[in-house]
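See below for the structure under consideration.
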Amino acid sequence: MLRILDARGLHVTDEARQRILSCTDISTLDRWFNRALKASTLANVLGDLAQ
């Protein structure tokens, strides 16, 4: 997912990167992945964290 965000030009903060890397919930990762394919901001992907 980090590669997709990078390829789409979305800046990932250290906090967001850590949140993504530490997530073990498949449903959450799947939701974020699907959002990452279309999102224009990190906030659109992760929702609450992302500034």
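Computed from the coordinates by the stated procedures, all read-outs in this text should not be read as laboratory data. These figures come from a predicted structure and were not determined experimentally. Cβ: placed from backbone, ideal geometry, glycine included. Neighbour counts: every protein chain shown.
Could you say which residue among Arg19, Arg31 is part of a helix (DSSP H, G or I), of a type outside the set (A, V, I, L, M, F, W, C), in contact with a Leu (Cβ under 8 Å, 6 or more places away or on another chain) and surrounded by 13 or more Cβ atoms within 10 Å (Cβ to Cβ)?
On the way: Arg31 fails: in contact with a Leu (Cβ under 8 Å, 6 or more places away or on another chain).
Testing whether each residue is part of a helix (DSSP H, G or I), of a type outside the set (A, V, I, L, M, F, W, C), in contact with a Leu (Cβ under 8 Å, 6 or more places away or on another chain) and surrounded by 13 or more Cβ atoms within 10 Å (Cβ to Cβ) leaves just Arg19.
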Ala39: passes all of (1) in a helix (DSSP H, G or I); (2) surrounded by 12 or more Cβ atoms within 10 Å (Cβ to Cβ); (3) small (Gly, Ala, Ser) but (1)
